Structure formats: C-alpha cells, structure tokens
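What follows is calculated from the coordinates using simple rules that are stated; it is not laboratory data. Nothing here was measured: the structure is a model prediction, and the numbers come from that model. Please note: Cβ atoms are built from the backbone with ideal geometry, for glycine as well, and neighbour counts cover all protein chains shown.
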Amino acid sequence: MSTKHVILTALLAFFVLLTANAQTQKRESFTVRITVTDSLSKETIIGAALQMKSLGIYSVTDMNGVGTMVNVPRGQAAVEISCLGYESVVRTINVTKELVLSVRLIETSLQLKEVSVVAKNSAAGAATSSQIGRQAIEHLQATNLGDLMQLLPGQLMQTSDLTSVKQLNFRTAGSTNDANNAFGASVIVDGIPESNNAVMSDKVGNTTAGNGIDLRQMGTDNIESVEVIRGIPSAEYGDLTSGAVIVKSKSGKTPYEVRTKVNPTTINSSFGKGWSLGAKNGFLNTSFDYAQAWGDPRTKTRSFDRISGSVTYATTFFKKLRTKTKVSVNSLIDWAGQDPDEAANGTFTTQKDFKIAVSHEGKLALNLPLARTITYTAGVSLSDKQSTTSTYVTKSGIIPIITATETGYYDVPFQSMSYQTSGGAISSPKSYFLKLSNSFGASIKKFTHQFNMGLEYRYEVNKAKGYYNDNELLPLRPNSDGRPRPYYEIPALNQLSGYFEDNMAWKIGKTKFKLQAGVRYTHLQPGMDEQVWSLSPRLNASIQFTKWLDMRLGFGQNSKTPGLVHLYPEKTYADKLAVDNSGAANPDERMLIYHTYVYDVQRTSGLKNATNTKYEVGFDIKLSENHKLSVIGYWDNTPNGFSTLGKQFLYTSNVYKMGQGMINNPGAKPTIDWANPARVDTMWMSTGQYGNYNWALNKGVEFDLDLGRIESWNTSFYFSGAYMETSSKTTLRTISTPKIKDLTLYPETNTTPFKYIYPAGRNVYLDRRFSTQLRGVLNIPSLRMVFSSSLQVIWYTYTGSTNRAMDPVAYIIPDVANNNFIEFPITQEMLNDPDYKIMGILLKDARISGNDNPPIIQPPLMMMSSRLTKDISKMAGFSFYVNNTLFYQPWQRSNISTTLTEKNQGTFNFGMELYFKF
Amino acid sequence: MKLFKIKTILILLISIHTFTSCVDQEPQTYIDEFSVTMTMPEDLGDSIHFANQTVILKSNRITYSAITDSLGKVVFNNIIPGVYNISTHQELTSEISLVGDTLQYQLFKKDSLVLQINKSIKANLIISKVYAAGTKDNNNKNYVADKYLEIYNNSDTEQYIDNTFYVGLVEAESVIAYPASKNPGFVFARQVFRLIADNTKDTIPPGGSIILTNSAIDHTQFSPNSVNLRIADYEAKNTTYSNNSDVKGLELIYSAFPSLIYMNLINGGDNSAFLFKTTENVRSFPIYYIPGKEQGNRYMRISIQYLIDGVETLKNYANTGPRIESKRIQTYVDAGYMFISAVSGYTHESIERRVDLKKSTSDRVYLMDTNNSSNDFRAVTDPTPRKYDKPLLTAK
C-alpha cells in the first residue's frame, strides 16, 4: 500500500468515526450535572473543567458553575474536577439515573495540610510520568523549565545557570549532554510541540541543531503544571524517543501576581493576572517575565537576558466548545565577551532569539457515541535567530582566504598573522502545527474502552540568510567549514502522523486489568527521495491483584524524525594546497593557489528515523493509606541514533612545485603549467552526510517511596532514587589511515593509497550511577509555611570506556575511474604473518592490542539543600533556598586517582523569592 | 577624652609589642660541613687529580663555590640545607674537558659525596640557540611561525655539513616516556630531520652558524618583535607556514605525529634537541611505543654514540618549575638543563649559549661548551639570528 493510500485510509477512518451516529449503540445513558463551588466563599466557580477520562467525556462549568455531561452510560465512572488555583478533585460516581451533584473545590494554599512540593508519580496503567504542580514549582524557585527536572527520581540537584544552554536528557547516567537523547525529548506547551527540527547549525555561538530544545526559553511563573513522561508515552505523543514534557500554562481567573527571584547570578521577575471577563465572555490571562543572569558575578564574560510575555484567552461557545487562544512572545539574548576590567579589543558574541507563537485549541463536546470530545489544535511559531560575533582569527602559520564555492584551482589571498573580523548567522525556523483528535468511551461486555485517535500535520521550514561573513576577504572561519551558507534553498519538512489508542479496563474476579494499547504512524517528507516513515506500537499494562498491589508492564517504540540539519547537510568543501610561493622575497612573486573540490551532497537519502524501544516492568505497593512504594525497571534502547554516515568521496588534486609545473617569473607571480604537475594526489573525504550509527542503551531501576506524614512533626517524608546505566557506542565501521614509519614511502600527508577498516561497535562507553534523595517536607498550616530539606547521596558513580583489541577486517583502495572504493578482506592468515605488507606497509602495525582503560569509580558523595516558602499574609510571601546547605565540599579521590579533588564545587548557592498576590 | 586616646594608643602599642615578641627568631640552622671528593676517569690513571678546580653548589636560592685541593677534594662549610645541583668542569685540552655533576642532591645534614668525573669530547658543531617560544603579532595575538634552531661552529676549522648530519627533537610526552635514567645509551626522538638530502655539502666557517626554521621569511612585518629569517639556511618545507623557495629544505626522516611535517618546537617546551651524525640508514632505526603501551605515539630510538651535541630544554611549570626528572638526555651529553621563564611561551624567549669570555676575542666569538646547559645556556628575550651579544650571554 502506498503512502498516499495509508494517509487517505486513515483520514477516511477518522471522519467515519467522527460522523458516526449513535444508531448502532442504543445503550442506556444519563445526564450528569455537577455544580462546582468554592469551599470557603460558597460562590460558584465558572470555567472549571470536568473530565470523565475513561469515557472521553469533557465539560466546563457554565456561568452558574454547572458542568453538564450528557449521554453518560450506566455504570461507575471517575470524574476529575479541576480549576486553576484550586486543588483538583477526583470523584467516583455510580451513574444509574440522571444525577445532580455538587462539588466544593478548595483553594490551593499553604494553609492546607496537604501541600505538593514534590513530583507525583502517575497511576499504574498509563505512561510512567511525574506530575509537577504549581506549589512544587514555586517552592523550587525554578527560573526555567530545566530546573524542574531535578524533582524526577534519579536526577541530581542542580545549580541554576542561565548563561549556558540547558537541554533535557531522560534516564541517562552520564554527566554530559547526549544530543540524540535531547533531540528525542519532546516538549509540548499547551498542546503544541516545541520543535528543533528546523534549527540549523548556525556556526556562531550556541546551536541546538540536532539537539534538544533550550529549556531556558521557558520561565516557570506562568506554568500551571508540568507532566514529565519518561516511560512509554501515549500514542498521542510523537516525534520523540526519550520522553516528553507536557507543559500546561495558566488559564483562568487568578489574582495579580508579582514575583521576583534573586540569587547571586540571576534576577527573575514576573507579572501575571487572569481576569474573568464575565459569565459569558471567558477568561483573559496575561503574563510577563524578565530574567537576567551573569555566569559569574566576578568575571562578567557571559550574560543571558530573557523577556517573555503571553496573552491567553479562553472561552466557551454554546456550552459545547471550549477554546483557548494564546499569543506569546519570547526574546532571548546570550552575550559572551570580555570582562569590563579587561582592555577592550572589540571581541564579543551575541545571540538574539526572538519568537512569536500563536496557538489555538478547541475542545468540542460532541457527545456522540463515537465522537465524544473532538479536540483540535493549531499552532504557528515564528523564530528569528540572529547571531553576531566579532573576533580575532588566529592560526599557526599562514591563513589562506579560500572563498571558492565551485570546484577548481584558485589563486587565493592569504594572511600571515591574526586578523580581526566579524560576521554571524541569521536563521528563521518556522513551525506550523495542526492536530485533530477524537476521544470516546464504550463499554463492551466487561471491558470498558476509551479510544483516542488523531491526525497531526507539521510543516517546518527555515528560509534565511544563514551563516555569513561581514567581509569575505576576512572570513570568520578561514577553513573548509567557513563558507557562507544561505538556507533559502533548503526544503521544508512535512510531517504527517496519525495515532489510535485504546485504554481498556476490565475485571476478572478481584483482579483488575488496565491496558493502554496504541499505535502511531509517522511519515516525513512523503513523496520525496528522502522520505522516511515509521510505525510505533505502544503498550502500558497494569494488573491490580489486590487493593495494595499493582503490577506494571510496558513496551513501546518511539520514533524521532531527522531534522533539517540531518537531511540537508551543507556542501563539503575540500581545499588543498596546490602551489605555494607565499614565502618569496619579492612580494610581487608571492602566490598561493588552492585546489577546491566541492561535494554537493544535497540531501541525505536513506536516513531512518531514530527509533527507540522501551520495556518497563514495575510494581506499586500501597503499604498503608499514607505509605506507597513504586518501583520501575526500565530498558531503553536507541540502536540507530543520528550520527555521521562515514561515507567517503574521491577526487584528485594536483600539486605544483618550483620547476615542476611551477615556472619562476622574476618580478611576477610564477606561471603554472597546469598539464604537468609535480604530483597528482588521490584524496578522499567524508561526504558530511548523516547516518543512523549511534547506539545507546539506558537501563535501570527507579523507586519512589512515599513515607507519609508524621502528624506530630507536621512533616512528610519522601525517599526516591534510581540506579541508572547508560552505554553507548558507534555501530559504524571505522576507516583509519595506516601508520607509516617510513616517510619516504608516501611522503605527503593523507595520500596513503589505502585505508584500513576496523569492525564496528567494539568500544563502548559506560556510565553507571546510583543516587537517592530523601526529602522531608515540614508544613505548618497555621504559619502558612513549608520547609523542605533534601539529602542527596550519590552512592556510586562509574565511568568507563573499553579499548578492545581489534584487527582490521578489510582495507579499501580508491577506484578513481569509477569514483568508488574497492574493499579487500583481511584474513587471519594475513594477520598471523608478522611480515605481511599491504602496499609496502606492515599489517602488524595496524593490529590494536587493546588495553581497557580502568573504570573510574567515585566514592559516595552527599549534598543537602533546603527550601522555605512562607506566606506572610494572603497578599505576600517569600521563599528562600540554600543549595549545599552544609557547604560540604569534601576532598575525595577516585579509585584510580592519586590526588584529591574537591567535590561539590560551585554547588553552594542561595537565593530568595518575594511574591505578592492581590 | 584625650586621656582615653592615649590609653588606647598605649594598649595598641603594648599589644603589637607582645605579638611581635612571639615571632620565632631562632637562628637559621647550617650544615657544618659538606665534602665532595672527585673520582677521575679510569683511563687518566691515579696520578692525575682534579686539583684547583671550582665546584659549584647551586639551589634555587643560593650558590656556593669552592676550590678543590691538590687531591681533588673540596669542603663546604656553613651550608644552608636544601636541594642542590652540584657541578664542576675542567678544560683538559682544547678538545677534551672533564665534567662532573649531580642533580637534585638533598643536603640536609653533614654529608660527603664522591663525584664521578667524566671525560667530555668538545664538539666542533654545537646547538647554540633553541627559539621555540614564539611571540605576539601586531594584534597582540600569538605568533609562532618564527621559531628556529641555530647550530654554531665553535671550532677553529671549517666544518662541512653533508647528508650524514641530522637534527632530532626529543620525545616530550607530558608523562615522561623515556627518561635518561632508564635508557642509558639511547635518546628517543619525536622528530628527526636530515640537514641535507642530496650528495652536496655546505661549509660553515669557524664562528659561523646555520639556521634551521619552519618559515624562512621576514617575520618582522607581522610581529614587530620577531626576526627576519630570510637568512635561514634550512627550512622544514610544509603547508602550514609560508615557505621560501630560495632556502634549502630539511628532509623529514621521522615524525611521531604524521601530520606534523615541520619542526615540532613546542612553545612552552620540552624542546630538548640534539645533533647527530651517522652514515647508517636512519630511516631503519627502530621506533617504539611508549613503554607499557601498544598504540599511540611512537618514537625513534637513536644510539647516543652518534650524538655530536645535545641540549636539554625543559618546560617551566607554573608552581613547581621545570621537572628535573624529565631529563631525557644523558648527563655526559648535557649534565644540566635550561628553560624559559614563561610557562606557555609566546614571550619571544630563546635559550641561547653563553659566550666563552676566556677564549673569545674581539674578532671571534667562542661559545661555552662544558656539556652542562645549566652552565652553558641562558634564556634571553628578543633573539637575533647569528648574534651572541645579549648581556646575559656575555656576563661573567
């Protein structure tokens, strides 16, 4: 079946479901009306959301505070009632007749006994995720979305630094960013995925091309809640591998709220307000956020500024259609330059990133049996990234200025010393997103089903000036990677996807089963040579044997489509010196000729989606009403992450020397006898294309133990942690130039007539970590105060890499006539012969004996952090935090080190926040 | 009020007096006696003693000298305890000198030492300058194209350079791979260049020199402090620096780093260099991985019997100074070491041989050649090719 047919069939099926009527399902059904009121004022609450997730039913309270859910089938159902600023409530109701109920919502406040300043785990039977609510965000004093991730099991405490790019890695044990893991982490804000797919490598300053979203762009003061899915996500979420972060912005009535966070490196102020525009006119929310950070207040060589604002309008039409429209702007400025105390030399790098985004979401309560709630989402995100730099270009030796963009020999100017120059990059990633989804529930015999299905379309493009030099004769990068690259001719990305998911529940005896089974189809660049598609099945299951024990099982595949940077790499420029008379005494005789060979790859065809397979198994034990233990083991493999392709191309290049093709011309530049070079070199280079040769495996066990609240201490305890292991390798065969002792054999560099091929995947990088966090949360409602303290212990940190014995498995020689390579196998007999030579070079010198580096194991390391949040009155409050409260910076040494190193350096940090609500 | 002020001042003065009285003013402990007895080389027989020669004890802070008695013994009295380099030398004939030395001798109590004196043959051709630090260009950025080595004819006869002369740069791993102490008889090179590739020969007159560089151009146009190397005699032809087609090429025999085909003079060091002569096929000399490794960099092993001259130039580390244990050249070739003051270079510092004031005349400069670079060399700034007139080089 062709791609077009698949898409058409999916569309047809969707609309059939959408328009199907209830004729076939004549089950008994009722109307449920729920009046929602404020627990204290007793006033009705307008705009509260009512959801029966298992049946796909959605409603919003009207001007009288009444939410109406029609055609609710007979039976038990859970209703979740939520509203901004209130504690959410879940009620299980037994629908046997028309029901009129009332629910009181309690305003979220530190006066409550229950405060949520830690992440909450998801229930069994759905994706493994952590829910981070508004109180947790405020208590953490997060300045950006990335700060919140330290609340997840196994994640380490962080010191917030806004002056460097912050990206999201899921379940990795290594200390450095894994680009593929970060690229495969989806961040979805109000239903619209943030996308890096159209970001190019701008070559100036930081780039997030082929890497994760920069989490610094999102302040936290306008966030209502964050769900971090690190397990197997619902089929609704796609274009990801490692996980997803679902961000929900504030929408609804809120007081005026002014917040200011200050710590030694950062100032972050925000303003927000949500107005109720009257019973019929919905809600209008605005937010404004400004953050400024310096890397180190002593040496002001880096700074970051963030200004963002948004206006959100939510309203309900005809009691059936709930819409939310949001316009947001975001401006980031990264600056790096000289310290003001330094003698100014005019060097700096500035990156300005301006983004305007418009999103619109509608939820239509159709209440048809096969189309209960229709949701549509549309989003446009327009970015303008401008990077400028002024710098000195330095190099050991002469700096040829090669600007050629076509293959040929060029008489090039050159610099013999450093020079100051400037340039930059202009990039305009634009992203358009459309999504239409439907959900409905049904009970078939003992099974209850809740179906979700949807279609998504993304269009992502980046037409811009790209990388440029202010003066082409003084390039920023005087090398083959420094040619200007306009993005105008880079094609746009078209991505179509569809998903279908069934959330089943049934009961056999006392055993309850839940199964979330879904499949997602993703197709990138349909109809083009480089098109790529994938089908991703996903399963999350749970079995509840008793009320206190749930088993979890999960299997899922996720796919991340390649970005523009992977599909449309830049031309490869190979520059080689052909004539050198640059050192001639007479300036008029000086000449430097370079041969430029341009390999125009145009596009990477054959690139696959990075596909990730996850398995999860775990259990939840309810030890008592207040004590819960959740343990999850995971195995998360991405065998085909994006990497270089390793494909080579061939070309020949002439060299001319004085008397050998170069004829001396006293008083003038030498004349070149092009037909008679001193030498013709056969050269080979990498094409610069991308492949799928990055293999990564994350596995481990996460646990979360809710130790409950000790009433007499007013304190709750939580103990969480994880054992994580990350291994990675390349599955690409390595091409290696032979080592030559006798330099007369092949006197010019990089001109050996063959190269060895070593087997793939022999050397593995391995990181392991076992860490725990014990959190104590002291909450004194009468004082409106929460104090929490976290004790983090990294019990075990292992960093290792193998350096295995390896023999070359083959050697390749260029076949210039056919522009190809011929591969010859290397046999064991050849390797056994100590005198065996390939083209004069001893084969035994190519044998790698291997010598594994000893793994580095760090001793246990402890750190404590403390936080306090206190409402001074109903209108004002403050928070205060101290990271590494005990200023514990022990001198330790690893198992292989002979010297002591001071640990926890730079982790001591403190700050405070003031807030006013009126 | 006035009384109060006076009281305060008095209390302060008394306090200061009390505290200063607590300062430990115990006198410095000296070593009463340290004797050094010289043992002469066997072939000189027992009748010749190392008499009336100066022996120098030198630490980072202080230098002592004393004259040997008729039996070749010297006694130092009232020595401050410390770590000393001990050296002495005697001009036996115009071609042979006697040298004795030991490095890093720990002298913390009354002690005696028997110092072996070795015979040292004076070379006609000697390495006289190692300029590797580089400098700053007109924009005050690093400039490294102007590095050079100079070889000087310290004899009274014309010397001929033919295709049997080689220059080597010694292995310079940060963790020393081939210390002299563990490799008697050999030196391991990171690079070897042959001075003349064909069957021609060059003549160096007495007091003349040859200059080896990576870029034989006038560098002063790019860096005001730099040097004009158009007068260089040999150039390592390469594609990194501007080459002068009028200057002869050095032939690269071996490079531990295949892409480095020019002289790998490291800005900060180590840059120990040696001059050797052999008719053997140097390309066939064995090369070895670092002991204990079977991959990585490989170094060419050269028998010390071929060496004409060598100079140990070490990197100066910020807190510890040069690492003496990094000596890779045997002490009978170079008993000492020299280093520039900068840790990373770019200071236009050069390591240059001192002028032998006893021998030199107004018409002819002779350079020091005691086979001890601590004695023979000095680090000077702003080197000038073929010139030896810096005050540090001509000081007594």
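Between B:LEU275, B:LEU107, B:LEU149, the Gaussian network model of chain B with springs among Cα atoms under 10 angstrom shows the greatest mean-square fluctuation at B:LEU107. 3J(HN,Hα) couplings calculated from phi for segment B:187-203 with the Karplus curve 6.51 cos²θ - 1.76 cosθ + 1.60 (θ = phi - 60°) are, in sequence order, 9, 10, 10, 7, 8, 9, 10, 9, 5, 10, 7, 9, 8, 7, 8, 10, 10 Hz; Gly and Pro show x. Across chain B, the mean sequence separation of Cα contacts (distance under 8 Å, 6 or more residues apart), normalised by length, yields a relative contact order of 14 percent. Size descriptors for chain B: radius of gyration and Dmax over Cα atoms are 24.8, 99 Å. Qualifying GluC sites (Glu not before Pro) in segment B:214-285, where qualification requires a DSSP coil assignment and no more than 13 other C-beta atoms within 10 Å, comprise B:GLU280.
Checking every one of the trypsin sites (Lys or Arg not before Pro) in segment B:338-368 against DSSP loop status and a limit of 10 other Cβ atoms within 10 Å picks out B:LYS358, B:ARG364.
Among A:GLU236, A:GLU530, A:GLU98, what is the fewest-to-most ranking by other Cβ atoms within 10 Å? Could the numbers behind the result be given before it?
On the way: A:GLU236 23, A:GLU530 17, A:GLU98 10.
With the sparsest Cβ surroundings first, the list reads A:GLU98, A:GLU530, A:GLU236.
Measuring nothing but how far apart in sequence close Cα pairs (under 8 Å, 6+ apart) lie, relative to its length, chain A scores a relative contact order of 9 percent. Dipole check for the protein assembly as shown: with +1 at the C-beta of Lys and Arg, -1 at the C-beta of Asp and Glu, and the Cα centre as origin, the magnitude is about 5940 Debye. Excluding A:ASP178 itself, calculate the net charge of residues whose Cβ lies under 11 Å from the Cβ of A:ASP178, where each Lys or Arg counts +1 and each Asp or Glu counts -1. Around A:ASP178, the surrounding residues sum to 0. Here's the picture: charge each Lys and Arg Cβ at +1 and each Asp and Glu Cβ at -1 in the protein assembly as shown, and of B:THR68, A:THR254, B:ILE96 the one pushed furthest to the positive end of that dipole is A:THR254.
For A:TYR796, what charge total do you get from the other residues with a beta carbon under 10 Å from its beta carbon, if Lys and Arg give +1 and Asp and Glu give -1?
Working: positive: A:ARG768, A:ARG769; negative: none.
It works out to a net charge of +2.
Take each residue in A:575-588, count the other chain C-beta atoms within 10 Å of its C-beta, and the mean is 4.
Which of A:LYS53/A:LYS326; B:LYS327/B:LYS359; A:LYS53/A:LYS699; A:LYS614/A:LYS699; A:LYS465/B:LYS141; A:LYS755/B:LYS248 have a Cα-Cα distance over 21 Å? Going by Cα-Cα distance, A:LYS53/A:LYS326; B:LYS327/B:LYS359; A:LYS53/A:LYS699; A:LYS465/B:LYS141; A:LYS755/B:LYS248 fall outside the 21 Å limit.
Listed by Cβ neighbour count within 10 Å, with the fewest neighbours leading, B:GLU171, A:GLU589 appear as A:GLU589, B:GLU171. Spin-label pair A:SER873-B:ARG386: with each label point 7 Å from Cα along the Cα-Cβ axis, the two points sit 9.0 nm from one another. Computed over chain B with a Gaussian network model linking Cα atoms closer than 10 Å, the most mobile of B:LYS201, B:LYS327, B:LYS119 is B:LYS201. Amide H contacts under 5 Å for B:ASN118: B:VAL99, B:GLY100, restricted to partners 5 or more places along the chain or on a different chain, H placed in the peptide plane at 1.01 Å from N. Backbone amide hydrogens, once placed in the peptide plane, bring A:ALA578 within less than 5 Å of A:ILE593, A:TYR594, A:HIS595, excluding anything fewer than 5 places away on its chain. Between the helical axis of B:2-21 and the longest alpha-carbon principal axis of chain B there is an angle of about 60 degrees. Across segment B:52-69, coupling constants 3J(HN,Hα) worked out from phi with the 6.51/-1.76/1.60 Karplus curve, θ = phi - 60°, read 6, 10, 7, 10, 10, 10, 10, 10, 5, 10, 8, 10, 10, 9, 8, 9, 6, 7 Hz, and Gly and Pro carry x. Within the shell of other residues whose beta carbon sits under 10 angstrom from the beta carbon of A:SER59, the net charge comes to +4, with Lys and Arg scored +1 and Asp and Glu -1. About its Cα centre, the dipole of segment A:179-286 is roughly 400 debye, where the only charges are +1 on Lys and Arg Cβ and -1 on Asp and Glu Cβ.
So for B:ILE62, A:ILE780, fewest C-beta neighbours within 10 Å to most, what's the order?
On the way: B:ILE62 11, A:ILE780 15.
Placing the least packed residue first, the sequence is B:ILE62, A:ILE780.
Pairing the Cα long axis of helix A:3-19 with the longest principal axis of chain A, what angle in degrees results, from 0 to 90 and rounded to the nearest 10? The angle comes out near 10 degrees. Our compactness index for the protein assembly as shown, the C-alpha radius of gyration over the empirical 2.2 N^0.38 Å, is 1.15.
Distant-in-sequence amide contacts of B:ASP356, defined by a placed amide H-H separation under 5 Å and a gap of 5 or more residues or a different chain, comprise B:TYR366, B:LEU367, B:MET368. In sequence order, segment B:113-128 has phi-based couplings of 9, 9, 9, 6, 9, 10, 7, 10, 7, 6, 8, 7, 9, 9, 6, 10 Hz under the Karplus curve 6.51 cos²θ - 1.76 cosθ + 1.60, θ = phi - 60°, and Gly or Pro positions carry x. For chain A, the mean residue ellipticity at 222 nm estimated from helices alone is -1000 deg cm²/dmol, where every DSSP H run of n ≥ 4 contributes -39500 (n - 2.57) and the total is divided by all residues, rounded to the nearest 500.
Anything over 18 Å Cα to Cα? Flag those among A:LYS97/A:LYS445; A:LYS395/B:LYS147; A:LYS203/A:LYS352, in the order listed. Working shown, then result.
Working: A:LYS97/A:LYS445 20 Å; A:LYS395/B:LYS147 15 Å; A:LYS203/A:LYS352 14 Å.
Correct reply: A:LYS97/A:LYS445.
For the options B:GLN191, B:GLN295, B:GLN90, a Gaussian network treatment of chain B with springs between C-alpha atoms closer than 10 Å singles out B:GLN295 as fluctuating the most.
The magnitude of the dipole of segment A:824-918, with charges of +1 and -1 set on the Cβ of Lys/Arg and Asp/Glu and taken from the Cα centre, is near 700 debye. Over 24 Å apart at the Cα level, from the set A:LYS320/A:LYS874; A:LYS166/A:LYS355; B:LYS358/B:LYS390; A:LYS510/A:LYS622, are A:LYS320/A:LYS874.
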